[in-house]
Structure formats: C-alpha cells, structure tokens
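Notes for the one structure printed next.
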Amino acid sequence: MASRLWAVRAASYLRISLRNRGFATVIKDLKYADSHEWVKVDGNSATIGITDHAQDHLGDVVYVELPGEGAEVKQGASFGAVESVKATSDINSPISGKVVEVNAKLNDSPGLVNSSPYESGWIIKVEINNADELKSLMEPDQYSKFCEEEDAKH
C-alpha cells in the first residue's frame, strides 16, 4: 500500500510540475533524430515519421509534402515538409537510403501525422544505405531528455 501511495503522490507531483507541457509519447523500439524524426528499423528497411513531440508543437497538420518513390534521401537532409495551421517545417531524414514506399494516405488524411504519428502517420519507408548511421541517433530515453531540455529553453 505504501508503494501505491508513493506512486500516486509522485504522479500527482509530476502533473503539477509539468502541467504546462504536454506529455509526448516516446516509443521504445525507435531511434530519434534531434530534428524530431523517428526511424523504425526492420532488417535493411526503415520506416520514418515525425515524433509525437514534433506534431504537438506543429499543431493541426493540413498537408504533407512527400518525395517520390525511388528518390534518394540523405541523413540530416530535407526530403519533404509538413504544413500545419501554425507553420511549415522541413522533414529531415534520420538515415540515408532509397525511398521504397511513401504513405499515400497522408495525401487525403494529413491529420494522421497528429493522431497516429508512430503508426498510421508514418511518412516514408527506405532501403537503408548505411546501417552505421543509426549509431548517431538517440535512444528513447535520450530523446525524452532532449525534448525536456528543449522545451525548458522556450
């Protein structure tokens, strides 16, 4: 019982101390770029999207500019853009590779980036050129800390 009470107090404290900040979801099996994109690796293939933190800061997404299939993307370079009611932001690739699939659902339903950034709102799938590039990306706990520090600056 004492541990449950402690947990309730801790949760209550966290809600009070962080009430001005939304709780962005960070998924454990993903890698993260400091430009707020995520990558999920499956063998030599990688699915890329923007993070919950990024979509939260953007606001309602109204348009997603997608690259063509077969396009080459380079780690850290822009391959498209997300336009929201607040701003337009470049989408940078967290890894280099060849685009093998784009999420065509985003053409009709760009809001999937807001409602399901890690599942239905993915942006592209690429064939990975250099798996060593993954080493330069953040693990989930590092990315959470990075977001907290970034929010504290603003």
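The values are calculated or read from the model by the stated rules, or taken from the named source; none is laboratory data. Not measured: the values here are computed from a predicted model. When we count neighbours, we look across all protein chains shown, and the Cβ atoms used for this are built from the backbone with ideal geometry, even at glycine.
Among the residues that make up segment 80-100, is at least one of them under 13 Å from G49 (Cα atoms) and either of a type in the set (D, E, K, R) or out of contact with any strand residue (DSSP E or B) (no Cβ under 6 Å at 6 or more places or on another chain) (or both)?
Yes, because at least one residue in segment 80-100 is under 13 Å from G49 (Cα atoms) and either of a type in the set (D, E, K, R) or out of contact with any strand residue (DSSP E or B) (no Cβ under 6 Å at 6 or more places or on another chain) (or both).
List the pairs whose first member sits in segment 52-74 and is closer than 23 Å to A131 by Cα, whose second member is surrounded by fewer than 16 Cβ atoms within 10 Å (Cβ to Cβ), and whose Cβ atoms are under 6 Å apart, counting only residues at least 6 apart or on separate chains?
E72/K98
If you take the residues in segment 91-114 that are charged (D, E, K, R) and free of Cβ contacts under 8 Å to residues at least 24 places away in the same chain, which one is farthest from L134 (Cα to Cα)?
D108
I'd like the residue in segment 83-117 that is among the basic types (K, R) and at pLDDT 95 or above and, out of all such residues, is farthest from H57 (Cα to Cα).
K98
Going residue by residue through segment 75-89, is there one that turns out to be among the acidic types (D, E) and in contact (Cβ under 8 Å) with a residue 40 or more places away in the chain?
No - not one qualifying residue is present in segment 75-89.
Tell me, please, whether a residue that is at pLDDT 95 or above, crowded, with 16+ Cβ neighbours inside 10 Å, touching a helix residue (DSSP H, G or I) at 6+ places or on another chain (Cβ under 7 Å) and farther than 25 Å from D141 by Cβ can be found in segment 43-63.
Yes; the residues of segment 43-63 include at least one that is at pLDDT 95 or above, crowded, with 16+ Cβ neighbours inside 10 Å, touching a helix residue (DSSP H, G or I) at 6+ places or on another chain (Cβ under 7 Å) and farther than 25 Å from D141 by Cβ.
Tell me the residue from L134, L106 that is under 18 Å from V26 (Cα atoms) and not in a strand (DSSP E or B), please.
Answer to the selection: L134.
Which of (1) out of contact with any helix residue (DSSP H, G or I) (no Cβ under 7 Å at 6 or more places or on another chain); (2) among the charged types (D, E, K, R); (3) surrounded by 13 or more Cβ atoms within 10 Å (Cβ to Cβ); (4) more than 14 Å from T25 (Cα to Cα) is the odd one out, the single condition E149 does not satisfy?
(3)
Got at least one residue in segment 108-116 being farther than 22 Å from M138 by Cβ and of a type in the set (D, E, K, R)?
yes
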